[in-house]
Amino acid sequence: MEEQEMQLKVKRVTDKFTESMYVLANEPSVALYRLQEHVRRSLPELVQHKTDMQGWEEQSQGAIYTVEYACSAVKSMTNSTLYFKSIEGLLRETIGIKDQMNSSQGRSDVSMCENPTVPPLPPSQPPSSS
């Protein structure tokens, strides 16, 4: 009876050993299968995120270029104050000349007030007698 017990114990040990060897031999392939399954599920989402990020990067680069261009335009405008002051001086001078011309024309237009529809003759031409 001892021999049967011994054979039973040996059979149990060998079965457990065989089962352990089987699990150890197949464990890497199960792990690789799980890894492959995970990659297959998550890869399309990762690719979509990458595509989205590239699109956002392009939009950001465009916005950065626009802002830099606007900043340079504003800087060049602030540097042009000298030109605007020169233009302002010329405009003031022109307005002064225009006022002088209007005041000198106002003296010669006194005779025009009686008949405003007839334009005045230039001073170098005598009136025609027809």
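The values are calculated or read from the model by the stated rules, or taken from the named source; none is laboratory data. Not measured: the values here are computed from a predicted model. Methodologically, a virtual Cβ is constructed for each residue, glycine included, from the backbone with ideal geometry; neighbour enumeration extends over all protein chains shown. Keep in mind that these areas ignore ligands, DNA and RNA; they rest on the heavy atoms of the full protein, side chains included. Shrake-Rupley method; radii C 1.70, N 1.55, O 1.52, S 1.80 Å.
Take the Cα of Val74, step 7 Å toward its Cβ, do the same at Leu35, and the gap between the two points is 5.4 nm.
Starting from segment 1-75, pick out the GluC sites (Glu not before Pro) whose DSSP state is loop and whose Cβ has at most 14 other Cβ atoms within 10 Å. Numbers along the way, then the final one.
Working: sites: Glu2, Glu3, Glu5, Glu19, Glu37, Glu45, Glu57, Glu58, Glu68; in loops: none.
Sites meeting the loop and neighbour criteria: none at all.
Protein heavy-atom accessible surface, 1.4 Å probe, per residue over segment 4-66: 97 Å². For segment 1-110, with all protein chains present and a 1.4 Å probe, just round the carbon and sulfur fraction of the accessible area to a whole percent. Reported share for carbon and sulfur atoms: 63 percent. Under Stokes-Einstein, with the Kirkwood radius over Cα pairs as Rh, the value for segment 1-78 at 20 °C and 1.002 mPa s is 113 µm²/s.
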